[in-house]
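J.: The structure follows.
The values are calculated or read from the model by the stated rules, or taken from the named source; none is laboratory data. Since this is a predicted model, take the numbers as computed values, not measurements. Counting neighbours? That spans all protein chains shown, and the Cβs are built from the backbone with ideal geometry, glycine included.
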Amino acid sequence: MSTPGPLGSGDDPFKGIPIFGDIARMFGGSGPINWDIARQVSISIASGGAVEPNVDPLERIKLEELARVAELHVGEATGLTTDVNGRAVAVRAVSRAEWAHATLDAYRPLLERLAETVGAAGGAAGADGEPLGVDLDELGDDHPELSDQLLGNLSQVLGPVMMGLTAGSMIGHLAQRAFGQYDLPIPRPPSHELLLVPSTIVAFADDWSQPTEDVRLWVCISEVAHHAVLSIPHVRERLDQLLNDYVGSFQPDPSALGARLEGLDPTDPSSFQTALGDPEVLLGAMKTPAQDQLLRQLEALTAAIEGHVDHVCDEVGRKLISSYSSLTEALRRRRVEQGEGDRFVERLFGLELGQAQYDRGDRFISGIVERVGEDGLRRLWSSADVLPTPAEIDAPGLWLARIDLG
């Protein structure tokens, strides 16, 4: 067996010590999140560890045709446009793994804000604030400092790894259930494209014995209606602001991570997943009183959005979908049967979308329509000033009075 010679700047510093090489690659990169880990974890969970087939072109064509129908009817029902930069809605049919990859990119600013808030950005520095890098030119043949430098400050070094595992796990679980990009009302970068997942749509239709074409059309109506509302600049800006303020109000709890690191085996990759793959590591005592007020505002806005989208789906779907009654019952039962990804998002982003929240939005929208009809409802998204407050969501008459329609 050969002995490594002195290290030069062009040599592999981890030659002959593969364990540390693997660990160094895991810790490599800069920023508060290790995005390589996040992508690998999200895609693995989304696909179930298997290679997914390419989307059947016929599925894409069917969804494109139905999306055009949905766009026309949603526009007539709401008066809202779904055009982005003058371009009409286009369908991008994707696999679950592709959905996970695209969603990780879309949520990146929000996830990085969360990581910075909880101190993951400190992972590139040691306890004394100095960089935790290794001066390879000064290491001897046996590299005794390497182990100490890489593993001596685990609670700080592992910040980006921890966030990568958390983000990847959350997005991967979401991808297993998502019909499209708005299963959760989180704004994405402006685009005329809608991401839809044909395999999940077809699987739901089969599992619940629903006509596949009806399920496709319902998903298109729901996604187009969400897109119409969340593409409104002041709605997008308000929701983005609330989400960023919420994740920016966490306080780190170093003891929570320290407890998880006890017994961690750096030579066993599975121990990293066990110790750090659970968002509870990030949460626990980190939630602050300031988030309670933000949560009330988030809940009010998302209740209005989801209530309005459900109303549009009812108005349009009853006209176009013969199995609408049984289909919506199945869909709404599925919606409140949350998966792991949904629970992660609730805890991390403050999006608590249980049945009570959907019912709250339904009562608000119904109260408006009963008093002032569909024309009055169209005022809901007319400007930032008329967005409902938490008190108004539970008393639509207050909202109507404030905007002079009561």
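J.: Taking the conditions exactly as written (at pLDDT 50 or above, in contact with a Ser or Thr (Cβ under 9 Å, 6 or more places away or on another chain) and among the charged types (D, E, K, R)), does residue 113 satisfy them or not? It would help to see each step written out before you state the result.
T.: Details: at pLDDT 50 or above: yes; in contact with a Ser or Thr (Cβ under 9 Å, 6 or more places away or on another chain): no; among the charged types (D, E, K, R): yes.
Answer is no for this residue.
J.: In segment 343-364, which residue that is touching a Leu at 6+ places or on another chain (Cβ under 7 Å) and surrounded by 18 or more Cβ atoms within 10 Å (Cβ to Cβ) is modelled with the lowest pLDDT?
T.: Residue satisfying both the conditions and the ranking: 345.
J.: Same structure, new question: Given the conditions (1) at pLDDT 95 or above; (2) hydrophobic (A, V, I, L, M, F, W, C); (3) touching a strand residue (DSSP E or B) at 6+ places or on another chain (Cβ under 7 Å), which single one is not true for residue 55?
T.: (1)
J.: Scan (1) surrounded by 19 or more Cβ atoms within 10 Å (Cβ to Cβ); (2) over 25 Å from residue 71 (Cα atoms); (3) in contact (Cβ under 8 Å) with a residue 60 or more places away in the chain for the single condition residue 296 breaks and write down its number.
T.: (1)
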